[in-house]
Amino acid sequence: MKQDVESMTRVELIEEVRRLRGAPSPVPSISLLDCPFCGNAAEFDVYCKEDGTFLAYCPNCQVSTIQGTKAEAAETWNTRVQSKSFLGGSVLSVESFPA
């Protein structure tokens with residue numbers, strides 16, 4: 001699928017040129033886990049074209065994470081916090097979140 005060159009990030013443009021030349025991509029395919037809240041398939045999008053910042057998000061419930069690279073966005077999105085049951089519900093402990 002061709003994209004409008006003006007809407008592509010520098011990384012996407014380089015990857016498109018490699019693809020057209022038949023060169024293998026040095027960037028491995030990065031996958032996302034399903035949304036931890038609704039179970040919908042997550043997606044990547046470019047948050048800021050100027051600096052190439054990526055976000056991983058759920059198009060169903062709009063939850064997202066914004067990181068500098070696609071790999072960082074995937075790593076953050078794919079990190080799951082273990083919950084503790086409290087009176088039939090789920091409570092996340094403060095220790096579960098990185099500083």
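Derivation of every value follows stated rules applied to the coordinates shown; laboratory data play no part. Quantities reported herein were computed from a predicted structural model and do not represent experimental measurements. Note that we place each Cβ from the backbone using ideal geometry, even for glycine, and neighbour counts take in every protein chain shown.
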(message) Take ASN40 and GLU12, extend 7 Å from each Cα along the Cα→Cβ direction, and tell me the distance between the two endpoints in nm.
(response) 2.0
(message) If you take every residue apart from ARG10 with its C-beta less than 14 Å away from the C-beta of ARG10, what net charge results, scoring Lys and Arg +1 and Asp and Glu -1?
(response) -3
(request) Could you work out the local net charge near TYR57, counting Lys and Arg as +1, Asp and Glu as -1, over the other residues with Cβ closer than 11 Å to its Cβ? (result) -2
(message) Test of understanding: ordering LEU55, LEU13, LEU20 by Cβ neighbours within 10 Å, fewest first, what list do you get?
(response) LEU20, LEU13, LEU55
